[in-house]
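Encoded as structure tokens, the structure appears first; notes follow it.
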Amino acid sequence: MPVYRPPSIRPSEITPEQVYLSRRQLLGGLAGIGLASAMPRASGQSMALVEPPLSFTRNARYSTPEKANSWSDITQYNNFYEFGTDKADPAQNAGDFRTRPWTVTVDGEAELRGQFDLDSFLKPHALEERIYRLRCVEAWSMVIPWVGIPLGEVLKRFKPTSRAKFVEFTTLLDPKQMPGQRYPVLDWPYAEGLRMDEAMHPLVILAVGLYGRVLPNQNGAPLRLVVPWKYGFKSIKSIVRIRFTEMQPKTSWQQSAPQEYGFFANVNPAVDHPRWSQKRERRIGQGSLWDRQPTLPFNGYADEVASLYRGLDLARWF
Ligand SMILES: Nc1nc2c(c(=O)[nH]1)N[C@H]1C(S)=C(S)[C@@H](COP(=O)(O)O)O[C@H]1N2
Ligand SMILES: [Mo]
């Protein structure tokens, strides 16, 4: 992946000292309640922690029994190039990112289109918790307890037409707030896409929270996609636009390196990345740097999704 190093800013520099201290005090005060062990002690936490916990039901059918990664693994080891390319950058640089008010635009091949305030966009849907594996194309993985809503139910509301063959997602473009966008690391804004049948699959969610709390900014607040059988880069963050299209949309990673990042991006241990093997992966937070576990086809979700790709040569359409 391209390398650039934005100036590194400590949280104490980007947050008024008073706010920074009161957040830390608040965190101290959380010790003793159920989630305390999973809650952050280090710097870089977001204001999400001062919002009330979300109410949701757990979806056991679509949750892995594996042990979830800690709050600090999930919120301090991130890919969010809009806030820098180092894993620690998003937690350091996204703290003041404004996620309200937030407008989601729905357009393209659908009977209903329009601009929606995030709260009205989400309102018809009940929140669910789903514990999913996330497999990054860089050969590491995590287990994350997301809170969100099934994407398919959202898309149906807008009555896609028969010409809608794909769905395109776009991240906010705002170089003032997103320092990484001041550098040509990717062709901003970040964009991703799914084929319509993939998008409608019940495993795909739009996440608004994790560990029962509002999403920290570095994890893609206020609204991000989660597609558990695909490499993490499909799971686009801070979405402002959802568009139904007839043609396959261009995705940022495909445009930057088409031979390395395909449109489908299905986790496939049999297809190596041109620069490294995909056979194994490192589970963040477990074992030593050298411990690797086998990568499962479709990231372990083959029973649910393999049928979507029947007849497709997955080595060619990677
Ligand atoms: N807008 C945007 N979305 C993004 C990215 C990004 O750089 N920008 N990185 C992707 C990659 S490569 C991964 S692995 C996941 C990481 O999600 P997490 O930081 O919440 O674990 O976000 C994905 N979504
Ligand atoms: Mo990734």
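Tabulated data
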{"item": "Any hit, the range 82-92, residues being more than 16 Å from ligand 2 (Cβ to nearest atom), more than 20 Å from ILE144 (Cα to Cα), modelled with pLDDT of 95 or more and under 17 Å from the mean Cα position of the chain (by Cα)", "result": "no"}
{"item": "Residue within the range 176-192 that is part of a strand (DSSP E or B) and touching a residue at least 24 places away in the same chain (Cβ under 8 Å) present", "result": "yes"}
{"item": "Residue within the range 259-280 that is open to solvent by less than 30 Å² (accessible area, probe 1.4 Å), within 15 Å of ligand 1 (Cβ to nearest atom) and in a helix (DSSP H, G or I) present", "result": "no"}
{"item": "Single match in GLU138, GLU129 (criterion: open to solvent by less than 30 Å² (accessible area, probe 1.4 Å), over 22 Å from MET196 (Cα atoms) and within 16 Å of ligand 1 (Cβ to nearest atom))", "result": "GLU129"}
{"item": "Filtered residue count, the range 199-241, keeping only those that are near ligand 1 (Cβ under 9 Å from one of its atoms) and either touching a residue at least 24 places away in the same chain (Cβ under 8 Å) or over 20 Å from TYR62 (Cα atoms) (or both)", "result": "18"}
{"item": "Hits in the range 281-316 (condition: under 21 Å from ALA139 (Cβ atoms), of a type outside the set (Ser, Thr, Tyr) and surrounded by fewer than 15 Cβ atoms within 10 Å (Cβ to Cβ))", "result": "GLN286, GLY287, LEU289, TRP290, ASP291, GLN293, PRO294, ALA315"}
{"item": "Flag for TYR231 being within 15 Å of ligand 2 (Cβ to nearest atom), open to solvent by 20 Å² or more (accessible area, probe 1.4 Å) and within 15 Å of the chain's Cα centre (by Cα)", "result": "no"}
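The values are calculated or read from the model by the stated rules, or taken from the named source; none is laboratory data. Remember, predicted model here, so these are calculated numbers, not experimental data. Virtual Cβ from ideal backbone geometry, glycine too; neighbours counted across all protein chains shown. These accessible areas exclude ligands, DNA and RNA; they are computed on the full protein's heavy atoms, side chains included. Shrake-Rupley method; radii C 1.70, N 1.55, O 1.52, S 1.80 Å.
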